[in-house]
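Engineer: First the structure, then my questions, so here it is.
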Amino acid sequence: MQFKPRNLRPIAEMVVGNLDHKWFHYRTSSYITRFFEECELDYAHDGTSRVPWTEAVLAELLDDPQTSPHQLPERFATVLRTLMDKREAQEGDNDRSLALAALNVPLMREGFEGYYGEDSMFYVRHIETRTVSAPVNLYRPFTPPELEKRNLLIAYLDRCSEDELIEEVLLPIFRHLGYQRITSVGHKDKALEYGKDVWMRFKLPTEHTIYFGIQVKKGKLDSAGTTKGSNANVAEIYQQVLMMLGHEVFDSDTNRKALVDHAFIVAGGEITKAARNWLGGVLDKSQRSQILFMDREHILNLYIGHRLNLPAAAMPKRVDPWFTEGDEVPF
């Protein structure tokens with residue numbers, strides 16, 4: 001990833017605190033070195049002109065071939081996060097809104113925007129895809145607003161259909177994570193399903209492409225002898241997984257057929273340990289290595305950890321205090 005010089009240079013000037021950027025700390029040579037130490041980066045200013053030296057460092061941090069085109073490299077995002085720490089506010093800009101507006105000028109020209117989250121931490125996201133450039137810890141303690149969002153999503157998972165689980169929850173997650181050519185087979189045309197509800201591809205940094213099939217069940221997946229209520233029997237999944245792994249998908253972008261490399265088994269509820277063990281026991285070694293599980297807890301952690309927007313149907317209904325049901329709306 002590269003930024004245009006006219007966009008990278010202002011960011012370098014903000015890091016060193018040139019007089020044109022009064023909402024940022026002025027940093028001499030030693031303080032520039034200390035700044036990068038706070039970012040846990042091994043860069044020491046060599047005494048040359050501050051702005052060109054910092055600009056070269058930032059260009060090096062941006063040059064990370066393993067980064068998604070919709071995300072900033074982690075080390076570059078860390079520099080911006082340290083730069084925009086609210087504890088570094090200057091007089092006249094206590095909430096750092098003026099510093100944020102200044103930084104967003106070059107960032108938005110590159111298709112990104114900075115913002116402060118509910119935790120008052122600084123984040124950068126891609127404007128078009130809303131992908132956040134931040135290391136994601138799926139198992140960190142959630143903030144109260146995140147817990148409220150999590151509870152809303154749980155309530156939605158309890159009442160949504162299987163197709164809604166796929167279209168409104170799973171597909172946004174996989175798109176956000178960088179999967180490509182995501183194709184939902186749906187349940188209208190069973191003849192074309194071949195054991196999978198969704199197939200997609202993922203391009204590795206080496207330019208190799210691997211294909212994934214997804215089998216989705218709305219409720220709990222267990223190892224009971226028969227399917228009970230919304231619980232699905234893992235023996236049903238076994239047959240569908242065999243079909244999925246044995247049937248080719250046609251990728252119209254490359255105009256060729258390809259076998260599914262890995263199969264996701266996704267449940268809107270719990271996937272019991274007994275179900276995982278049973279499926280692992282009946283599949284051979286090569287097939288076992290192709291199976292990936294995703295249950296409700298994993299879905300929730302992904303959704304909240306990556307700060308995805310809730311489906312519209314999961315949002316709480318707003319009640320107008322001035323009207324009650326049955327009242328006529330005035331025009």
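Engineer: Tally time: how many residues in segment 11-21 are surrounded by 21 or more Cβ atoms within 10 Å (Cβ to Cβ) and either within 25 Å of the chain's Cα centre (by Cα) or touching a residue at least 60 places away in the same chain (Cβ under 8 Å) (or both)?
Structural biologist: Within segment 11-21, residues that are surrounded by 21 or more Cβ atoms within 10 Å (Cβ to Cβ) and either within 25 Å of the chain's Cα centre (by Cα) or touching a residue at least 60 places away in the same chain (Cβ under 8 Å) (or both) number 3.
Engineer: Here is a list of conditions, (1) at pLDDT below 70; (2) buried (at least 17 other Cβ atoms within 10 Å of the Cβ), and Leu171 meets all of them except one; can you say which number that is?
Structural biologist: (1)
Engineer: Being in a helix (DSSP H, G or I) and either loosely packed, with under 14 Cβ neighbours inside 10 Å or polar (S, T, N, Q) (or both) is the filter here; which residues of segment 35-45 pass it?
Structural biologist: As a first pass, look at segment 35-45 and keep what is in a helix (DSSP H, G or I): 35-38.
Residues satisfying the conditions are Glu37, Glu38.
Engineer: Determine which single condition Asn151 fails, assuming it passes every other condition in (1) farther than 24 Å from Val198 by Cβ; (2) surrounded by 15 or more Cβ atoms within 10 Å (Cβ to Cβ); (3) over 14 Å from the mean Cα position of the chain (by Cα).
Structural biologist: Failed condition: (2).
Engineer: Is segment 64-71 home to any residue that is of a type in the set (D, E, K, R), part of a helix (DSSP H, G or I), modelled with pLDDT under 95 and out of contact with any His (no Cβ under 7 Å at 6 or more places or on another chain)?
Structural biologist: No.
Engineer: I would also like to ask the following. Do any residues in segment 107-122 that are outside the structural domain of Leu83 (by TED's automatic domain parsing) and of a type outside the set (Phe, Trp, Tyr) have Cβ atoms under 7 Å from those of residues that are part of a loop (DSSP other than H, G, I, E, B) and modelled with pLDDT of 90 or more, where the two are at least six apart or on different chains, and which pairs are they?
Structural biologist: Qualifying pairs under 7 Å: none.
Engineer: Out of all the residues in segment 122-145, which are more than 17 Å from the chain's Cα centre (by Cα) and either in a loop (DSSP other than H, G, I, E, B) or buried (at least 18 other Cβ atoms within 10 Å of the Cβ) (or both)? Quick ask: steps written out before the conclusion?
Structural biologist: Of all residues in segment 122-145, those more than 17 Å from the chain's Cα centre (by Cα) come to 141, 143-145.
Pro141, Thr143, listed by residue number.
The values are calculated or read from the model by the stated rules, or taken from the named source; none is laboratory data. These numbers were taken from a predicted model, which means no experiment stands behind them. As a convention, Cβ positions derive from the backbone with ideal geometry for all residues, glycine included, and neighbour counts pool all protein chains shown.
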